[in-house]
Amino acid sequence: MSATIEVLLTEPIARIDPNVYGHFAEHLGTCIYGGFCPGDGSGVGLTGGLREDVVAVLRRVAPPNLRWPGGCFADDYHWQDGIGPAGERPRRINIHWGEVVETNAFGTHEFIELCRALGAEPYICGNVGSGTPRELRDWVEYCNWPGGTGWSDLRAAHGAPAPFGVRYWGVGNESWGCGGHFSPEEYAAEYRRFATYLRDFGGAELSLIACGPNGNDLDWTRRFFTALREGWGRTRIHGYGAHYYTGNRDAGAGTATDYTDDQWYQLLLKAQGMEALVVQQRALMDAFDPERRIGLIVDEWGAWHPPTPGRPPRFLWQQNTLRDALVAALTLDGFNRHADKVVGANIAQTVNVLQALILTEGDRLLTTPTYHVYDLYRPHQGARAVRALFAAPEVAFTHDGAERRLFGLAGSASTRGDTLTLTVVNPRIGEPIEATIHLRGDATAREVTETVLTHPDIRAHNTFDAPDAVTLSAPRPLAVAGRSFTHQFAPQSVTRLEVALG
Ligand code: AHR
């Protein structure tokens with residue numbers, strides 16, 4: 001089996017916005033309580049501070065931003081419940097996620113503390129569905145005005161005299177669904193009304209992010225922008241956030257840890273759908289916004305498997321295998337390849353929920369195969385994406401009695417100074433693939449270092465007893481150099497080649 005990869009060093013695409021490597025934390029299951037904070041593991045309670053182990057591990061992958069408090073939770077969240085002395089905060093029902101009691105022990109100040117500990121920019125999603133423009137405008141003032149107003153003085157009284165300077169604000173979440181079941185026209189009217197009152201208080205230049213489609217729903221996008229265009233000059237909008245889950249229910253791809261070879265390929269094929277979303281949504285947005293002032297964001301994405309037996313179904317806890325790692329890698333490669341079209345993305349969700357990077361149990365923690373992909377792909381953040389062409393025989397497999405085809409090799413390339421980072425996914429089970437890599441442009445490879453994520457078992461995952469079953473290989477210098485060289489990509493793998501250019 002052979003293939004070619006041409007890296008067109010003189011064909012830059014755009015800078016890869018580090019925000020494409022963003023994260024998401026919702027009050028859902030044990031993401032916040034038990035995940036980011038010590039808790040009793042039931043989704044309730046906060047026994048103080050942040051989990052330093054979780055923060056330390058996540059910091060290693062340089063999270064650029066963290067989206068909070070939801071998700072669906074955001075449109076039933078009233079921020080004033082989450083400020084002031086923890087013991088005095090009201091308890092509410094988390095209506096979307098298992099009707100557990102939300103203590104509000106983790107609120108705005110705790111979120112900002114978490115972002116600072118992580119070195120991540122806060123991205124707050126505001127409540128449109130059950131909230132008011134006034135409530136959201138007041139939250140911005142509370143966070144960003146320096147002092148001398150009721151809200152900013154209250155923030156100072158709660159221990160934070162300096163403004164938080166929160167720039168990223170979502171105006172509702174999934175407004176077509178749990179965020180209010182609006183039509184695109186209704187949401188456009190709501191959006192305009194809310195955005196009118198969200199100002200750059202205190203000089204923090206806001207980036208207002210509108211709710212985009214469910215998957216690649218072009219009708220939502222067309223109707224939303226058509227309705228919004230009527231008040232174009234009066235509407236502040238900087239981002240547009242689509243959601244795309246590689247859902248197993250419709251994909252028919254087994255469970256988180258139990259799947260056949262065909263189901264392995266089927267899930268990867270479903271994940272590949274992200275590329276069509278990015279290309280087609282951006283093309284449609286271009287008709288309304290040809291100068292690309294409004295950035296396309298995918299502020300929720302990831303693999304969503306059927307409920308895990310023995311876990312509360314509304315906690316969305318799931319294991320994470322090598323297959324999920326390939327979903328992450330091919331999605332991030334797609335974002336890199338379309339660095340001119342996508343300016344942000346948030347995997348759902350960072351800890352203990354859906355396609356998590358980290359799982360916790362009591363005091364214990366493990367990093368998932370998906371975490372290792374983020375680690376592997378770190379050099380792409382902020383680098384200059386360059387075009388790379390992959391040619392490899394497709395993989396044929398069967399789904400629902402019909403033959404389907406998946407790419408044979410895929411990936412992305414970026415440069416920073418005189419280093420090229422080439423990441424490559426080989427989806428083939430049990431079959432290595434040898435590729436000739438051609439560097440096109442005025443450069444040659446001086447040194448090449450390979451790091452790989454793979455495992456002989458396609459269902460391999462990390463457990464608390466075997467936390468490093470799936471982990472990165474030690475970086476290995478390769479005995480290759482020049483304008484062209486060959487490399488064998490391991491079966492069912494994600495590989496990073498770091499190439500020193502001369
Ligand atoms: O990430 C879990 C949920 O998925 C979010 O709350 C919602 O926005 C989406 O439907």
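Where a number appears in this text, it was derived from the coordinates with a stated rule and is not lab data. Model, not experiment: these values are computed from the prediction. Note that each Cβ is placed from the backbone with ideal geometry, even for glycine, and that neighbours are counted across all protein chains shown.
Could you give the distance between the Cα centres of segment 301-332 and segment 103-137, to the whole Å?
Using only Cα atoms to place each centre, the spacing works out to 25 Å.
Could you tally the net charge around GLU6, taking each other residue with its Cβ under 12 Å from the Cβ of GLU6, Lys/Arg +1 and Asp/Glu -1?
+2
Figure the gain on full extension for THR149 and ARG222 (residue separation times 0.36 nm, minus the Cα-Cα span) and round it to one decimal in nm.
Between THR149 and ARG222, full extension yields 22.2 nm more.
Which angle between 0 and 90 degrees, to the nearest 10, do you get for helix 184-196 versus the longest principal axis of the chain when only C-alpha atoms count?
Taking the Cα atoms of the chain, the angle to 184-196 is about 60 degrees.
Taking the Cα centre of the chain as origin, work out the dipole magnitude from +1 charges on Lys and Arg Cβ and -1 charges on Asp and Glu Cβ, in debye rounded to 20.
880 debye
Quick one: net charge around THR235, please, counting Lys, Arg +1 and Asp, Glu -1 for every other residue with C-beta under 12 Å from its C-beta.
Around THR235, the surrounding residues sum to +3.
Calculate the spin-label point distance for ASP81 paired with SER130, positioning each point 7 Å from the Cα along the beta-carbon direction, and give it in nanometres.
About 0.6 nm, to one decimal.
If you find the alpha carbon centre of segment 48-96 and of segment 449-502, how far apart are they in angstrom?
The distance from the Cα centre of segment 48-96 to that of segment 449-502 comes to 35 Å.
Dividing the Cα convex hull volume of the chain by residue count, how many Å³ per residue is that?
141 Å³
Between ALA3 and residues 5 or more places away or on another chain, which pairs have amide H atoms under 5 Å apart, with H built 1.01 Å from N, and which residues are they?
Excluding prolines and chain starts, which carry no amide H, the hits are GLU434, ALA435, THR436.
When only Cα pairs under 8 Å and 6 or more residues apart are kept, what is the percent relative contact order across segment 84-131?
So the answer I get is 23 percent.
Where nothing but the Cβ of Lys and Arg (+1) and of Asp and Glu (-1) is charged, how large is the charge dipole of segment 421-502 around its Cα centre, in debye to the nearest 20?
260 debye
Could you please report the charge total around THR367, scoring K, R as +1 and D, E as -1 over all other residues with beta-carbon less than 11 angstrom from its beta-carbon?
Net charge around THR367: -2.
Return the distance in nm (one decimal) between the two label points of a simple spin-label model at SER484 and ARG60, each offset 7 Å from Cα along Cα→Cβ.
3.9 nm
Defining a contact as two alpha carbons under 8 Å apart and six or more residues distant in sequence, what relative contact order in percent does the chain show?
Rounded, it is 19 percent for the chain.
Please list the non-local residues whose amide H lies under 5 Å from the amide H of GLY170, H modeled 1.01 Å from N, same-chain partners needing a gap of 5 or more.
For GLY170, whose amide H was placed from the backbone, the distant partners under 5 Å are ILE124, CYS125, GLY126, ILE209.
Enumerate by residue number the trypsin sites (Lys or Arg not before Pro) in segment 293-366 meeting two conditions: DSSP loop (anything except H, G, I, E, B), and at most 16 other Cβ atoms within 10 Å of the site's Cβ.
ARG293
When SER207, SER175, SER484 are ordered from fewest to most other Cβ atoms inside 10 Å of their Cβ, what list results?
Least crowded to most crowded, the residues run SER484, SER207, SER175.
Using alpha-carbon positions, what is the distance between the centroids of segment 203-271 and segment 361-414, in Å?
One Cα centre to the other: 19 Å.
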